[in-house]
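Each value in this text was obtained by applying a stated rule to the coordinates, not by laboratory testing. Here the structure is a predicted model, which means the values were calculated and not measured. Here Cβ is always computed from backbone atoms with ideal geometry, including for glycine, and neighbour counts include all displayed protein chains.
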Amino acid sequence: MTTLITKTVSKASVPLIILFSISLLIAGHNSPGGGFIGGVMFAASLSLLYVVFGLDHIKSVLNPDWGKWFGFGLLLSVLTAFGAIFFGYNFFRSSIKFIHLPLVGEIELVSSILFDIGVYFVVIGSLLYIFRKVGDDK
């Protein structure tokens, strides 16, 4: 059984941790971060909810099939890796485009972010699948 303070702090901190994991994902191709550590942060935030509120309560509120998340991420990563071959480049070649937005300025678009997003979903799906299976074991 957890306390009211633990439940309140976890409710407030989980959305912030998820936003931080997304910022790690986005910043990954230019600075430290990326899909792996962003996915670990996301999975850690949801595992905090599993611990604080209990597996049965979280399954009644949030019950996705984490195996499908894993499969989607793996498919996206593989398609990104082989995508360059369809355009006549080497395997895993990354493409960079710069676009100019009127109010924001110049933005760099990198195709490797799709690979990072795939890794993000693979890590989330695999870790939370494992956490849930271990928690279901009675």
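Annotations for the structure displayed:
- Each Cα pair under 8 Å and six or more residues apart adds its separation to the average, and for the chain the resulting relative contact order is 30 percent.
- Listed peptides 100-108, 85-93, 44-52 appear in the order 44-52, 85-93, 100-108 once ranked by packing, highest mean of other Cβ atoms within 10 Å at the front.
- Unit charges at the beta carbon, dipole of the range 4-136: most positive-side option, PHE98, TRP66, GLY33: TRP66
- Under 19 Å from LYS68, Cα to Cα: aspartates and glutamates that are on another chain or at least 8 residues apart: ASP116, ASP136
- Spin-label pair VAL134-LEU4: with each label point 7 Å from Cα along the Cα-Cβ axis, the two points sit 3.2 nm from one another.
- Cross-link partners of LYS7 among aspartates and glutamates, defined as those whose alpha carbon lies under 17 angstrom from its own and excluding same-chain residues fewer than eight positions apart: ASP56.
- In order through the range 57-67: 3J(HN,Hα) via Karplus (6.51 cos²θ - 1.76 cosθ + 1.60), integer Hz, x for Gly, Pro: 5, 5, 5, 6, 9, 9, 9, x, 8, 5, x
- Put simply, when 68-74, 54-60 are sorted by average Cβ atoms within 10 angstrom per residue, most first, you get 68-74, 54-60.
- From the coordinates shown, volume of the Cα convex hull per residue in Å³ corresponds to which of (i) 126; (ii) 161; (iii) 134: (iii)
- Degrees separating the helix 112-136 axis from the principal Cα axis of the chain, which is the longest one: 20
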